[in-house]
Amino acid sequence: MQLYLRKHPNSFRIFLTLFLNLFLAQAVYAAADGNGLTRLNSYAIGLLSLVTVGLAVYLLAVMFQPQRF
C-alpha cells in the first residue's frame, strides 16, 4: 500500500476527496430539509466546500513555508 501511495499520490487524494464528499453531501442534503435542494446540488456544494478547504490549507502552507515552493 505504501508503495502505491508513493507512486500515485494524486489518485489517492482524489479517492479520499470523493469518499469524504459522500458523507458531506448527505449532511448538506439532510440540513436542507427538502427545501428545493436536489441531491446533485448537495454533492456539488460538498465538493465545492472540500476544494475550498483544500485551497485554504495549501495557501496557508505557502504563506508559512515559502521556501518549499
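Every number in this text was worked out from the coordinates using simple rules, so none of it is lab data. Remember, it's a predicted structure, so these values are computed and weren't measured experimentally. Glycine gets a Cβ as well: all are built from the backbone with ideal geometry, and neighbour counts include every protein chain shown.
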Is it the case that S11 is in a helix (DSSP H, G or I), under 9 Å from the mean Cα position of the chain (by Cα) and of a type outside the set (A, V, I, L, M, F, W, C)? no
With the condition kept exactly as written, say whether any residue in segment 40-60 is without any contact (Cβ under 8 Å) to a residue 12 or more places away in the chain, surrounded by 11 or more Cβ atoms within 10 Å (Cβ to Cβ) and not in a helix (DSSP H, G or I). no
